[in-house]
Amino acid sequence: MKEILALQIDSNQINLVPGFTVSLFGTVGATDGFDSYDITINEPQLLEVNLFDIITSADVLVNDSNGNPIPGGAGGQPLSTPENFTIPLNPGNYQVLVFQPLNDFPLGGTNYQLDLVSISSNNPPVNPPVNPPVSPPINPPVNPPINPPVNPPGLTDNSNNSINTATPLGSIFPEIPITRSATINDFDTADYYRVTVEQPITSGIALQNITGNLDVDVLDSNGNLIARGNNLGASNEAFQSGLLTPGEYFINVFQTAPGITSNYDLTLFPASANINTPPPPNPPTPTPPNPPTPPNPNLQPQTIRFDGQIDGSDEVVTNREDMSFVSKEDFLLNATPGTPLTIDMIGINNGFDPLLEVYQLPPNTPVLEANQQAILVAANDNGGGGVNARIGPGVPSDVTILSPGTNTPISVPAELTLAPEFQYLLRLTYTELPTIPIGGFSLNASVPDGFISLAPVRLGVTVGDPIVAGNPPINEFPDGGSFF
């Protein structure tokens, strides 16, 4: 068939005419997560989709104008295998997505060629509209009204500027991307979206085609921060977030300062969390069952204990309450993944109000600092009015931070379990210090079973061997006894 470049409505919008082929070329991967093409069909036809010339891995998906996948309109061939399928379509607007599956990002990006072949059809389409009228016309008009996409680029919409009014995106499932486009400006400073998770999911979050400094947050059902993309300037955002508990989650796209105006494309790339180990391909012949082994009642708690002091010889950071400079000690925290941790910091001298903070860092981060990529995932200072700070099961949240885009208070959890794909930085500091600028403390860090270790960090790098559970308690006080 004759190949044409396509009738351009905008940079990625195409009118498909029976008897013609539209050839499209592009690149997808971790830094360019997806390419979206909006197509308009004015008469019933068959659409043949061909995706080929793939170097590493790419898939293709056809959605209706509401972003719902068309049955039979998805390729699922592994890696660089070409995709080919044909689907009948009614007149209307559709979206074709070319993307690289999240699990294939490590393979590197790939070029591709996408051919959309429009074939005239004299038979009614197999695929009816998502919401067909009760009595559909036998002969649909040749040129029906064009329905705009749900969120066309440039749309200013104040209806979803809070969690309570978040735009529902429905349930998310592995390997089926969800895309929405809109605009942020001084009249619409934040957009909230709600998704429902029915099984443990790890999802890629991509914020692309932005021209101003927009950031994106992932929040749990209570509005607590789970993950954040906060690159500087007009840099696209791309990161992963674990949505491991079935329920509702929220995505917040927001401007980082007044005066910023930008369109954006928000895409979720869900992938199975693979929490359950798959069975072996050829399981052995089952033997007569033995009585189940009861759970081990004798867990082996693992605890680290040491005494220390924070003074002028330590590194300094900005006080969370009044922006003055305070001293701190950092430790690289490692423990059994998925096991609840309990960390107690007990102030020994009057006037010293301890503060515990735990930051989540990307894997293989060379500099262990609370920087732009770090997320505060747990904190406690005993309500700011005591000598003890605790992170652990059942401890209520008493530390809040402000959302950079909306200045909305966000509670920081005081409960903590570690995920194996991240690093964690434990920070020991304070909100108040006595007149004598020394804070003596005792620290206990424990897990109910497994392992736990703390490695001292100075200037963003570890400076000593890890302190591991089972070591004798360490006393750093000068006289070898108590602080006072």
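The values are calculated or read from the model by the stated rules, or taken from the named source; none is laboratory data. In this text, all values refer to a predicted model and were calculated from it rather than measured experimentally. Quick reminder, even Gly has a Cβ in these numbers, built from the backbone with ideal geometry, and neighbours come from all protein chains shown. All accessible areas refer to the heavy atoms of the entire protein, side chains included, with ligands and DNA or RNA removed. Shrake-Rupley method; radii C 1.70, N 1.55, O 1.52, S 1.80 Å.
Averaging the Cα positions of each part gives two centres, and for the range 418-448 and the range 207-226 these lie 28 Å apart. Spin-label model, residue 27/residue 159: points 7 Å from Cα along the beta carbon direction are separated by 3.9 nm. Note on residue 299/residue 248: beta-carbon distance plugged into 1/(1 + (r/R0)^6) with R0 of 35 Å gives a FRET efficiency of 0.60.
Quick check: from the Cα gyration tensor, does the range 306-378 come out rounded (a/c under 1.5), prolate or oblate? Judged from the Cα gyration tensor, the range 306-378 comes out oblate (a/c at least 1.5, b/c at or above a/b). Protection proxy ranking for 412-423, 66-77, using the average of other Cβ atoms within 10 Å per residue and placing the highest first: 412-423, 66-77. In terms of accessible area, using a 1.4 Å probe and ignoring ligands and nucleic acids, 429, 342 rank largest first as 342, 429. Treating r as the C-beta distance of residue 222 and residue 53 and R0 as 45 Å, the FRET efficiency rounds to 0.45. Taking Cβ atoms as reference points and 12 Å as the exclusive limit, the residues near residue 74 contribute a net charge of -3, counting Lys and Arg as +1 and Asp and Glu as -1. Is the range 11-108 best put as rounded, prolate or oblate by its Cα gyration tensor, with a ≥ b ≥ c the root eigenvalues, rounded for a/c under 1.5, and otherwise prolate when a/b is larger than b/c, oblate when not? Cα axes put the range 11-108 in the prolate bin. The distance between label points at residue 313 and residue 408 comes to 4.6 nm (points 7 Å beyond Cα on the Cα→Cβ vector). Residue separation of residue 171 and residue 465 scaled by 0.36 nm, minus their Cα-Cα distance, works out to 101.2 nm of gained length.
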